[in-house]
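The values are calculated or read from the model by the stated rules, or taken from the named source; none is laboratory data. Because the structure is a prediction, the values reported are computed rather than measured. Please note: Cβ atoms are built from the backbone with ideal geometry, for glycine as well, and neighbour counts cover all protein chains shown.
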Amino acid sequence: MKTFYLIFVFFLFVNFISAQTSLQDGIRLLEKKEYDQARSVFEAVLKSDKNNAKAHMLLGSLLMGYYRNFDDAEEHLEKAVELDGGNAEYHWYLGNVYGAQAQVAGFFSKISYARKLKTEFIKAVELNPDDIRFRESLMVYYLRAPGIIGGSVEKAKEQAKEMMRLNACSGHFAYAQIAIYEKNSAWAEQELKQAIQAEPKNWRPYHRLGYLYVEQKRYDEAISQFQQYVNLAPDDANSYDSLGEGYFYKGDFSAAIPQFQKALSVNPKFGSSLYNLGRSYEKNNNRDEALKNYRKYLEIEPEGQYADEVEKKVKELSE
């Protein structure tokens, strides 16, 4: 029995080392944006060890962020939390997938998901109060949620205050979001500029300031901010999508199209750019290309944010 036990423990150790090695391989593939290969690695790890919490988290976050497969992502992230409930990051990822589900859910399911999202973000903050990501997510929830399900501007400000203590750029960015919510554009602009001053290589304040300028029809200034975003995050599809939107809202559709195409070269499943390409080609009177991109959008995000509008567009352009 003793010999058998030692052999059994040895094989458990070998399998553990093998699983950790495979996970590192998968993480390296993620860093190289080889998403299909990374997914295969994580699935293989779970096939041999269905109780590997980290593999569930990695696969779930990949399914959520790249493949937009929220149902399967939810299943894996719930399993990760079940297996390791003391890991703040797992709770945070689960809260994010609940938020994604809430965006496409019906009214009652939306409320249910929102409440679960709040619970997960609160838990993440409790487990790791010094992680700005967790506090920001909770702050945004308090800011956007109706009071009946826990929304509160005062609670949002409490989180912003804590974020300022942890990091000036993040704190100013948080207060900018509150200012935008309160429709105080001058305060928002001031906070975003202070965020940029505090951390010039952080793309997020440029991104949000760009859209603040779009809302004010200050399109050239918006384009300048989005270009800074592209310069700082050239591997982020959203940077090109944002720059494309700057040109789109300015009315320069020929300049917008290459930016949306660049975004899709970075991430072919980036639904926003497919939608925006469709709109840009439609404005440029290129019906065939508009239809092509609208249909592609519906293939990738059949229940996405723009799905209803795109279905109507496809029907109109097909007549």
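Would you say Arg133 is assigned to a helix (DSSP H, G or I), charged (D, E, K, R) and in contact (Cβ under 8 Å) with a residue 12 or more places away in the chain? When the stated conditions are applied, Arg133 passes them.
Only helices (runs of 4 or more DSSP H) wholly contained in segment 198-261 count here; list those with 1 or more residues that are farther than 20 Å from Phe173 by Cβ. It would help to see each step written out before you state the result.
Working: elements: 203-215, 219-232, 237-250.
Ranges flagged: 219-232, 237-250.
Checking the stated criteria, Pro146 turns out not to satisfy the condition of being under 25 Å from Asn87 (Cβ atoms) and either free of Cβ contacts under 8 Å to residues at least 24 places away in the same chain or loosely packed, with under 14 Cβ neighbours inside 10 Å (or both).
Conditions tested, residue by residue: (1) surrounded by fewer than 18 Cβ atoms within 10 Å (Cβ to Cβ); (2) closer than 27 Å to Pro146 by Cα; (3) touching a Leu at 6+ places or on another chain (Cβ under 9 Å).
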site	(1), (2), (3)
Tyr175	no, yes, no
Ile196	no, no, yes
Pro205	no, yes, yes
Lys217	yes, no, no
Phe260	no, no, yes
Ser265	yes, no, no
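When Met139 is tested against (1) over 22 Å from Met163 (Cα atoms); (2) modelled with pLDDT of 95 or more; (3) not assigned by TED's automatic domain parsing to the domain that holds Asn52, only condition (1) is not met.
Among the residues making up segment 42-62, those that are touching an Asp or Glu at 6+ places or on another chain (Cβ under 9 Å) and surrounded by fewer than 23 Cβ atoms within 10 Å (Cβ to Cβ) are Ala53, Lys54. Contact annotation: residue pairs with Cβ atoms under 6 Å, 6 or more positions apart or on different chains, pairing a residue in segment 173-195 that is over 13 Å from Tyr213 (Cα atoms) with a partner that is of a type in the set (Ser, Thr, Tyr), are Glu191/Tyr175.
Residues to consider are Leu232, Leu274; find the one that is over 28 Å from Pro302 (Cα atoms), within 20 Å of the chain's Cα centre (by Cα) and surrounded by 16 or more Cβ atoms within 10 Å (Cβ to Cβ). Write out each step before concluding.
Working: Leu274 fails: over 28 Å from Pro302 (Cα atoms).
None of the other options fit; the residue is Leu232.
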